[in-house]
Amino acid sequence: MGSEIMSNINCNFQDRNGRKKFGKKPQPIVKKKLLIGEGKDECNFFWVLLDYLKIDDVQIIEIGGNDFKKQLVYQKDRPDFDKADIIAITCDGDSNSHSKFQSMEHAIRKMGFNPPEKNGEYNNENPNVGLYIFPTPDDNSGMLEDLCLQTVETHESFQCVTTFSETIENLSEGPRNLSKAYVQVYLASRPGRSLAKDLGTGAKQGHWNLDSDSLDGLKFFLNVLK
Amino acid sequence: MFKNLKIENFRGITDLEVNDFRQFNLFVGKNNAGKSTILEAIFLLINPSNPELPIKINDMRNISAFKPENWDLFFHNLKKEIDIKLSCELTNSEIRYLKIKPLMDSSFDSIVPNENSIVKIETNNLISHEGIELIYAYQSKNHRVNEQVSSFRLNQTPKGPEIKINTKHTVPSYLKKLNGIYIHSGFVSEAIGKRFGKIVENNNEDRIIKVSKKVDPLIQNLKLGPDNTLLCDVGLKRSLPLNVMGGGLIKILSVIVAISEVENGILIIDEIENGLHISLQEILWKTIFETAKEYNVQIFATTHSSECLDALMITAYDICNENVEDIRLYRIEKDLDRFKIINYDHDMLYTSLEKGWEVR
């Protein structure tokens, strides 16, 4: 059994104004090793990285973007969530990894668990609950995009990112999220039959260097799921 | 309306408490988790002084009341020595208690072991298989507790078995009546005509005809035939009895007429999605929301269907708008003899369904 992201099948349910869609095939929790990621990109990246690390039998759960912490707390009430042995939680550090760690500590407590003492570690209890905040436990801010970019810093295509970075410095108004913009530039510079439009697709197409030392901390964190 | 419910030693449930009931309450959970037992407990507490209700709930499970051993099936693990205790609080602050005990056989009353007795009397030996006893008490705002006892006994007569009901005290006149109807999963449509007749008497049949047309566009009118048969005018030379129409129409009509009849009371629906095609789920919920609000009826239902839950949320946001707080979903989890209730408020349910997370 490999790691899997359960695909949703959309039916026709939506309200009369088309505001929200329901009708997704309900996803049960079926595995005892859970990896919770923030958004589709992150989960697609994990799917590739876990395969690379030969870690299987893990259920990757995509939550959030918006209301990540609220949705994280909701997980504890899903059927069979309480049967999990290992719960690895990941999220972006964004503008302040330290304050993100503190707010995640609070959310993990609301789930009924003791949080780990440090970023990148587990609580070593039952279930074993871990927390990893991107890009790495040594960074004060950032996101998964930054970590992926770190893995390709020495690649010749990264020059495109450097040039782009220098160029937009002179603009009166630049992109709102520089890390995401750099990922787009890097992926746009890569060869391939189809353009990878996001980080997760880039991972599936093999554009991130999974051998990079930059991933050591994350690999150490994920190896607990073995 | 019910605010909460506590169940001890009733059928498969050892100890369970459900809080925070709203107007629309839906129970989910695996088979044999206790969903139907919860509905039965609510049904008994709607009118705990009505001695027919225990017979009815066994009957709905096709359990004959005329077999003495079937009284045992009310008791958890058939342990008659442990009383069943049900209680609830209503929104008017009334608290109701119902204790169900096996009926003690009076022929054993005279046995009093003395010092020289070598006979060991075990509790079970003192209990007759002949019936059960209901002990009902309530506590109102002024904290008075009143008690009422009813008992059933199975009598063997020359004509066959009969159930004898013995009510030791009369129903207190100050006890407010609470109406309730239980639509079980194997329901039959015979009550629909009778209830529809009452609605016609009050000139309230328009809504029912309108809903029926949505379910089956061929329907032009509904009318009451002989023997309270509900007839559907579909443009043929004679009207057709409801029983030959689709199961979806029967289901939706049974719900809407029941809500109309049980005004200011409780409607219980076991396996609400039963007999309904996915395309009718939204019509069912729209009908329920509109009529239950109009008639001030609290709904308790069970389902196994994810489509039913989706339809519930879609319709709730369309009909209830800001009143989505009136909706609660409870998942019953059973692990051996331990029960756990997961209470989903509207946001948690909405998020779960939107994200495609299993809630059942």
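The values are calculated or read from the model by the stated rules, or taken from the named source; none is laboratory data. A quick note: this is a predicted structure, and the numbers were derived from the prediction, not measured. Counting neighbours? That spans all protein chains shown, and the Cβs are built from the backbone with ideal geometry, glycine included. Heavy atoms of the whole protein, side chains included, go into the accessibility calculation; ligands, DNA and RNA do not. Shrake-Rupley method; radii C 1.70, N 1.55, O 1.52, S 1.80 Å.
Just a few scattered comments:
- Straight Cα distances below 14 angstrom link A:Lys180 to the aspartates and glutamates A:Asp41, A:Glu42, A:Asp92, A:Asp94, A:Glu145, A:Asp146, A:Asp198, with same-chain residues fewer than 8 positions distant left out.
- Cα-based convex hull, segment A:33-140, per residue volume (Å³, whole number): 99 Å³
- Highest average first, the peptides B:286-295, A:215-224, B:20-29, B:228-237 ordered by how many other beta carbon atoms sit within 10 Å of their residues are B:20-29, B:286-295, A:215-224, B:228-237.
- Too-long pairs where the Cα-Cα distance tops 20 Å, listed order kept, from A:Lys54/A:Lys226; A:Lys69/A:Lys219; A:Lys83/B:Lys35: A:Lys69/A:Lys219; A:Lys83/B:Lys35
- A dipole drawn for segment A:144-204 from +1 and -1 charges on Cβ atoms has a positive end, and of A:Cys160, A:Thr201, A:Cys148 the residue lying farthest that way is A:Thr201.
- Charges were assigned to the Cβ only: +1 to each Lys and Arg, -1 to each Asp and Glu. The resulting dipole of segment A:144-204 about its Cα centre is roughly 400 debye.
- The mean count of C-beta atoms from other chains within 10 Å of the C-beta of residues in B:310-318, rounded to a whole number, is 4.
- Candidate cross-link partners of B:Lys251 among the aspartates and glutamates, defined by an alpha-carbon separation under 14 Å and a same-chain spacing of 8 or more, comprise B:Glu190, B:Asp216, B:Asp270, B:Glu271, B:Glu273, B:Glu282.
- Cα-based shape type of segment B:206-360, given that a ≥ b ≥ c are square roots of the gyration tensor eigenvalues and the cut on a/c is 1.5: prolate
- Taking every residue in B:342-355 and counting other chain Cβ atoms within 10 Å of its Cβ, the average works out to 4.
- Accessible carbon and sulfur surface of segment B:182-354 relative to its total accessible area, %, 1.4 Å: 46 percent
- Debye-sum result for segment A:144-204 in log10 I(q)/I(0), which assumes one identical scatterer on each alpha carbon, at q = 0.29 Å⁻¹: -1.36
- Value of D in µm² per second that Stokes-Einstein yields for segment B:201-271, Kirkwood Rh from Cα pairs, at 4 °C (1.567 mPa s): 100 µm²/s
- Alpha carbon centroid spacing (whole Å) that separates segment A:98-165 from segment B:222-242: 68 Å
- Taken over the Cα atoms of chain A, the convex hull encloses 156 Å³ per residue.
- Most mobile listed residue (A:Phe45, A:Phe22, A:Phe113) in chain A, GNM with C-alpha springs under 10 Å: A:Phe22
- Annotation note: GluC sites (Glu not before Pro) in segment A:71-122 located in DSSP loop regions with a Cβ neighbour count of at most 15 within 10 Å are A:Glu117.
- Among A:Asp56, A:Asp198, A:Asp211, the largest mean-square fluctuation in a Gaussian network model of chain A (Cα springs under 10 Å) belongs to A:Asp211.
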